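Remarks on the structure that follows.
Derivation of every value follows stated rules applied to the coordinates shown; laboratory data play no part. Note that the structure is a prediction, hence the values are computed from the model and not measured. Cβ: placed from backbone, ideal geometry, glycine included. Neighbour counts: every protein chain shown.
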Amino acid sequence: MEYTVEYYQKSADAIRKLVPWEPEIAVVLGSFLGPFADAIEDPIVIDYRDIPNFLISTVPGHAGKLIFGTVAGRRVVCMSGRFHFYEGYDFEQLSAPVRLFKLLGAKAVILTNAAGAVNAEYRPGDVMIVSDHIKLTGASPMRGANIDAFGPRFFDVTRMYTPELRALAKSCAEGSGLTVHEGVYMFFTGPQYETPAEIRAARILGADAVGMSTVTEALTAAHCGLPLLCLSVMTNMAAGVLDQPLTTEEVLETARAIAAPFSGYLKKIIDRMEEVSL
Ligand code: HPA
């Protein structure tokens, strides 16, 4: 499939008919982090199935809705339910959400995810501001014919996780009730959790956390020049760190427990985003 700007424009046109304003900030909610969506005021909810040329959510814990509305007085679009490589989507398809945000006029993207902690100093429930990522598997979402309207064929990613937004997120940590770190996220394709040996390798390579999402969206944001903040919630210690198997219940339980303070933290960051000149 050859993608064109018109292909993505079709999704944006359908949304513009339903939402008469431009979102300023786009937020992608990770697994089981959906409760943030409840804080959105005056919501306009659009089912992914009603958006032409978009994808659908197939994973439990991902609602499959775009929610437009207001948070801390700012206009946001929030993706409750994201798409993953392990669902069968290829890397090129996974560029769709961020390209849609760009076409809708968003000025910044906030990605959130659930992740396993590789760094032994981290604890379940901690948050990590992503400073960089490692992706040694899979292709690039920008593989194939380049769409010049979005960005150049070859593009720099040294400031992909925008330093000014990371600094803002750090300064919002105090009083949030959360322990907030900054570190490197390593992508694994999933859906199986990693092996203990992979986690040991990830640690040697410089990873602080591992997960199955985010990197395609981050690369798409870098390609089309969207400032980006990414927050990882440590839902569990990664495989082999503790002498026990990993369970989705554990991931779900931690995510549930942290949902309220995490939503508050996110709201504070959104509230203070005007302090950052992007
Ligand atoms: N590995 C990969 N993805 C994850 C994990 C993990 O340990 N926890 C939550 N998402």
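Here are the numbers:
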{"item": "Global geometry of segment 76-178, whether rounded, prolate or oblate, following the gyration tensor of its Cα atoms and the 1.5 cut on a/c", "result": "prolate"}
{"item": "Total lysine pairs under 22 Å (Cα atoms) in the chain, excluding pairs fewer than 8 apart on one chain", "result": "15"}
{"item": "For the chain: relative contact order, % (alpha-carbon pairs under 8 angstrom, 6 or more apart)", "result": "25"}
{"item": "Under 5 Å, built H, 5+ apart or other chain: amide partners of Ile134", "result": "Tyr185, Met186, Phe187"}
{"item": "Protection-proxy order for peptides 10-19, 235-244, each taking the mean of Cβ atoms within 10 Å per residue, highest first", "result": "235-244, 10-19"}
{"item": "Cα gyration tensor category, rounded, prolate or oblate, for segment 1-108 with a/c compared to 1.5", "result": "oblate"}
{"item": "3J(HN,Hα) from dihedral phi, segment 133-146, Karplus parametrisation 6.51/-1.76/1.60, rounded to Hz, x for glycine, proline", "result": "9, 10, 9, 9, 10, x, 8, 10, x, 9, 5, x, 3, 6"}
{"item": "In order through segment 12-21: 3J(HN,Hα) via Karplus (6.51 cos²θ - 1.76 cosθ + 1.60), integer Hz, x for Gly, Pro", "result": "5, 4, 5, 6, 4, 5, 9, 10, x, 9"}
{"item": "Global geometry of segment 199-245, whether rounded, prolate or oblate, following the gyration tensor of its Cα atoms and the 1.5 cut on a/c", "result": "prolate"}
{"item": "Loop-exposed GluC sites (Glu not before Pro) per DSSP, neighbour cap 10 Cβ within 10 angstrom, longest uninterrupted part of the chain", "result": "3-120"}
{"item": "Backbone HN-Hα couplings from phi across segment 257-273 [Karplus 6.51/-1.76/1.60, Hz, Gly and Pro as x]", "result": "5, 9, 3, 5, x, 5, 4, x, 4, 4, 5, 5, 4, 4, 4, 9, 5"}
